[in-house]
Every structure is written in C-alpha cells, then in structure tokens.
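**Student:** Quick one: the structure is below, questions incoming.
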Amino acid sequence: MSEIGNLPRSWSAKSLEETCQIFAGYGFPTAMQGKKDGDIPFFKVGDISEAWQKNEMYLKEAQHYLTASEVKSIKAKPLPASATVFAKIGAAIALNRRAILSVSSLVDNNCMGVIPKDDRLTSKYLYYFMCTVRFSESSRGGIVPSIRKSDVSEIVLPLPLGDEQEKIVSKIEELFSDLDAGVAALKRAQANLKRYRAAVLKAAVEGRLTEQWRAERKAKGIAAEPAAKLLERILAERRKKWEAVQLKKYADAGKAPPKGWQSKYRNPATLDSVELNELPTTWVWTHIEKLIEGDRNSLKAGPFGSALKKSYYVPTGYKIYGQEQVIKGDPYYGDYFVDEEKYKELESCRIKPRDLLISLVGTVGRTLVLPEDVQPGIINPRLIKISLEKAVVLPEFLQIYFQSPLAKSVFKLVSHGGTMEILNMGILTSLAYPLPPLPEQVEIVSQVEAKLSNITQAETEIKRSLERAARLRHAILKRAFEGRLV
C-alpha cells in the first residue's frame, strides 16, 4: 500500500495491524442459508454492495439469519457491532464498497471486517478512511480479483487525536449531507426523464402525440388516406404482382394456368380476435405480415448456431450483424465477417438498407434501423430482421412502437406475464401493431426524435453532474485524511 503524505504535526501514522482487529468471514454450509429470521444476521458481498448503492452506512436487515445453536455448532465467530466490513474477493467495483455492522453479525468467507482495538480510534473515522482505500487498484490477479489479510494489515492509517477525529467525521457528514441532497435531486430528475421518455413513446403510438397535427390538417382541408385503405390498396397490388409473375411462369412454360390457380396465393395472416386499445379513426390495428414486403424472407430469424460457427469467420468479407450493433445503435460497429460462399449459403439471412433488426435476447425495445449505406452482410442467430413495405410503414415508426410501453404491455400479455428477456418469431407474429397513415408516421418520427434528443441531452448532463458529485465525495475524503478538512 502507498505511504501517507505529509500530515499535521499532531497526527501519527500507524498500520491497521497496529490499530485494528482484522476479521475474516466464514464459509457457511448452503443448508444453513436462506432463513429470513434468527438470532444472528449473516451478510454477504451483495448486501454490502446494496447498502453502498442505497447510500446507507449501516447493514441492518439481512437476507440470511442463523440461530445461536447453529453458529455454535460450526464454531463461527460473529463480528462485533460497529465493525467496518468489505469484500475481499469479487468484481473490482465490489472491492471498493464498505458498510458498518449495526449489530453483532456474521459475514461470509468472501468478506472481511476491521474494528478499532481501543477507543482512541472511532469506528466512524475508520469507516470513512476505509472508503478511501481502493482495493481494486491493489488486488491480486486471477479470474476474480482478491485481497488478503496481509494486504489489509499493511494499510497505513493517518491518526489524529480522538477529539479531532470527531470533528473530521462531523465535517464529512455535514458536507456529505449537502452533497446527498443534490444527488437525490438529480436522481429524481433522472427518474422523471425516464417517465417522460416512456410517456412520449406511449403517446406516439396511441395517436395522442399528433392530435394537434391532425386537427390543424383537418382545418386546412388536408385529408389523409386512412391506414386501412392504404393497407388494402398495397395488399391488392402485392397480389396483382404475384398473379402477374405466376402467369408469366405458365406462359414461359407454354402452359395454360390450371383451374383455381389463384387459390395458391398465401394471404397475410390476420389478427386474432383480441381486445385492443382504441386508435384515432384514420389508424388501424394490423398484423406484422401485412407490414412486410412480399418476399418470403422479409421476416427472418438468424441461422441456427451450427450454420454460423466462429470457425467460419474471416478477416474481411460480408459483415455479420449481431446484438452488439443493435445494443450500441451502431450498424458500423464490429468486425466479424464471412466469405462469399457462406454469404450465398445463408442468402435468406441477408440484410438490406432500411431493414429493422430486433434482438432476440434482451428487451423488445432493442432495435436498429439499418441506413441506406449499410455494408452487405447477414444476421447472426440472436437477431430477427424485418424488411418492411416502405409504402405502408416506416421502420423508424415500428422502432418507436417496440420501444413503447404499449408494445411491452402487449408482449407481457402474450407471454402470460413473463419477462422481456426473450423474444421469438412466434411472439413477434402474435403482436398487434398500430398503423397510422404514412404522412402521420413521418410527423410522429420527427416529433419523437426531437423530444428524445432533448431527453438524452438532459440525461447526459445529469450523468455528468452525478459523476462530478462522486469525484467531490472522494475529494472531501482525501482532504479529510490529509488533515486539510478541519
């Protein structure tokens, strides 16, 4: 551990081994865990992290309790109340979190604790000092970072006289109280922005966002073709094209069309009878098959895993699109490719400009609209691609729908109240989709993009302010233990 710098003359510097008792945790049998009440609370690394995230200094209610007889049977020794506890193994972020035991408690073998040996060192002063120790920077390597008792015992503690310790703690808590009030206000604003974002998306796909826009157009005598009529016209044109192709095939083969040949046409699926929210009169609820292009691969999940193994990847060629692009919202990210032979083999999984990609793992809102200059490639097994009939629906509007609370509530209904963690083709094709007239879709996309841009800008500024608050918290502690705070 690094040495302490210059300290005030009245201060001393001693190791934790000299000033504190250092305790190790205990490995408790699984059979003893899980009791919600008992004589002695039993805390784990997760409890310390949770208290830290809630900005709570003391560990109070535990997820696990043991009886006094159980503790005696395994010869475990509870740590005394007021001990500062911390993780000794775990992710780097967990190693830097601290808490104080409110009562005599047990901690598991992934934790350690320290407590003053005598009253010349106060427990709160020790706690705040331990908050400045960055175990993540001195942890030992391996798959999971860790520290040892010797690492803790060597830490040098700056030690003022008892009265000054109390003054330092009092000043820290005074400054932290002001800082916490500011952080709480920022987090409230953050939560409000999240709610506002959801409200914007909900209003967009229910028709409330463009109420005024519709009223203004109506006052000017501008009539929009109802979405149902547009859909009917496009589907009729699609069938007409199919019939023309079939007739040409018969003509090229020198054959007359057989009786009833038109019945071979596969009509798009319709919605099951389900109670849906009321939409504006020019809107309509519809099925995904009526929104996609007539091509059979317009709605396609990625290939099975064995069809696209990592052994097929090459340094350059046709790009593989996966969750990494969708989650980042960046179609240019990533450098996985397949050669032309594999690209042709997986032709059904090819992407096109303006396709909508949807992640199969994660939330339904994880979507990406591919730009016009998208690099040719295929989707991997974790995505579904949708090639939409652009004369009917904008991919950006459908993207808004997937992000909206409305889609999420419908999805939960379809999946019988399950989580949003998994999406599949069956669920996707069972959803109902609201469809406004095309000019209104353009207006909705424009308004949503403007509002979400403002929200994102505000969220970014709040995030920066929270980061500044965290830095200020560290600066307060640094000054305190350099003797420069009081």
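**Student:** Does Asp295 satisfy the condition of being free of Cβ contacts under 8 Å to residues at least 24 places away in the same chain and part of a loop (DSSP other than H, G, I, E, B)?
**Tutor:** In short, no.
**Student:** For the structure I just gave you, tell me whether Ser82 is within 30 Å of Ala469 (Cα to Cα), out of contact with any strand residue (DSSP E or B) (no Cβ under 7 Å at 6 or more places or on another chain), at pLDDT 90 or above and surrounded by 16 or more Cβ atoms within 10 Å (Cβ to Cβ).
**Tutor:** No, not satisfied.
**Student:** Something else now. Hey, could you check segment 303-328 for residues that are touching a Lys or Arg at 6+ places or on another chain (Cβ under 8 Å) and more than 15 Å from Gln375 (Cα to Cα) and say which is surrounded by the fewest Cβ atoms within 10 Å (Cβ to Cβ)?
**Tutor:** Restricting to residues being touching a Lys or Arg at 6+ places or on another chain (Cβ under 8 Å) and more than 15 Å from Gln375 (Cα to Cα), the top hit is Ile327.
**Student:** Please go through segment 327-347 and give me each residue that is of a type outside the set (Phe, Trp, Tyr), in contact with a strand residue (DSSP E or B) (Cβ under 6 Å, 6 or more places away or on another chain) and closer than 22 Å to Glu293 by Cα, ordered by number.
**Tutor:** The one that is of a type outside the set (Phe, Trp, Tyr), in contact with a strand residue (DSSP E or B) (Cβ under 6 Å, 6 or more places away or on another chain) and closer than 22 Å to Glu293 by Cα: Leu346.
**Student:** Could you say which residue among Ile379, Ile386, Ile400 is β-branched (Val, Ile, Thr), open to solvent by less than 30 Å² (accessible area, probe 1.4 Å), over 26 Å from Ala203 (Cα atoms) and touching a helix residue (DSSP H, G or I) at 6+ places or on another chain (Cβ under 8 Å)?
**Tutor:** The conditions single out Ile379.
**Student:** If Ala99 passes every condition in (1) surrounded by 23 or more Cβ atoms within 10 Å (Cβ to Cβ); (2) at pLDDT below 95 but one, which one does it miss?
**Tutor:** The single condition Ala99 does not satisfy is (2).
**Student:** Another one. Report whether or not Val114 is over 31 Å from the mean Cα position of the chain (by Cα) and assigned to a strand (DSSP E or B).
**Tutor:** yes
Let's see how each residue does on (1) open to solvent by less than 20 Å² (accessible area, probe 1.4 Å); (2) part of a helix (DSSP H, G or I); (3) not hydrophobic (A, V, I, L, M, F, W, C):
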| position | (1), (2), (3) |
| --- | --- |
| Gly426 | no, yes, yes |
| Pro434 | yes, no, yes |
| Pro439 | no, yes, yes |
| Val445 | yes, yes, no |
| Leu452 | no, yes, no |
| Ser465 | no, yes, yes |
| Arg473 | no, yes, yes |
| Lys478 | no, yes, yes |
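**Student:** Quick test for you: out of Lys117, Lys124, Lys72, pick the one residue that is farther than 26 Å from Lys14 by Cα and among the charged types (D, E, K, R).
**Tutor:** Lys72
**Student:** Which of the residues belonging to segment 46-66 are farther than 22 Å from Pro29 by Cα, open to solvent by 20 Å² or more (accessible area, probe 1.4 Å) and under 27 Å from the mean Cα position of the chain (by Cα)?
**Tutor:** Result: Glu50, Trp52, Gln53, Lys54, Asn55, Glu56, Met57.
**Student:** Okay, moving on. Would a scan of segment 354-361 turn up a residue that is surrounded by fewer than 19 Cβ atoms within 10 Å (Cβ to Cβ), in contact (Cβ under 8 Å) with a residue 24 or more places away in the chain and closer than 25 Å to Ala432 by Cα?
**Tutor:** Within segment 354-361, one or more residues are surrounded by fewer than 19 Cβ atoms within 10 Å (Cβ to Cβ), in contact (Cβ under 8 Å) with a residue 24 or more places away in the chain and closer than 25 Å to Ala432 by Cα.
**Student:** Let me ask something else about it. When you scan segment 168-188, do you find a residue that is assigned to a helix (DSSP H, G or I), under 30 Å from Val442 (Cβ atoms) and open to solvent by 70 Å² or more (accessible area, probe 1.4 Å), even just one?
**Tutor:** no
**Student:** Now for a separate question. Find the residue count for segment 139-157, including only residues that are surrounded by fewer than 19 Cβ atoms within 10 Å (Cβ to Cβ) and either part of a helix (DSSP H, G or I) or in contact with a Leu (Cβ under 9 Å, 6 or more places away or on another chain) (or both).
**Tutor:** 7
**Student:** Among the residues of segment 434-478 satisfying the criterion of being among the basic types (Lys, Arg) and touching a Lys or Arg at 6+ places or on another chain (Cβ under 9 Å), which is modelled with the lowest pLDDT?
**Tutor:** Lys478
**Student:** Mind checking which strands (runs of 3 or more DSSP E) fall wholly inside segment 37-107 and carry at least 2 residues that are free of Cβ contacts under 8 Å to residues at least 40 places away in the same chain and either more than 21 Å from Ser177 (Cα to Cα) or among the small types (Gly, Ala, Ser) (or both)?
**Tutor:** In segment 37-107, 64-66 are the strands (runs of 3 or more DSSP E) which contain 2 or more residues that are free of Cβ contacts under 8 Å to residues at least 40 places away in the same chain and either more than 21 Å from Ser177 (Cα to Cα) or among the small types (Gly, Ala, Ser) (or both).
**Student:** Which is open to solvent by 30 Å² or more (accessible area, probe 1.4 Å) and either closer than 22 Å to Ile168 by Cβ or in contact with a Gly (Cβ under 8 Å, 6 or more places away or on another chain) (or both), of Ser73, Ser104, Ser69, Ser123?
**Tutor:** Only one candidate qualifies: Ser123.
**Student:** Further question: What number of residues within segment 8-34 satisfy the criterion of being modelled with pLDDT under 90 and part of a loop (DSSP other than H, G, I, E, B)?
**Tutor:** Number satisfying all stated conditions: 7.
The values are calculated or read from the model by the stated rules, or taken from the named source; none is laboratory data. Everything numeric in this text was worked out from a predicted model, so none of it was measured. Cβ atoms come from the backbone with ideal geometry, glycine included; neighbour counts cover every protein chain shown. Calculation scope for accessible area: heavy atoms of the full protein, side chains included, ligands and nucleic acids excluded. Shrake-Rupley method; radii C 1.70, N 1.55, O 1.52, S 1.80 Å.
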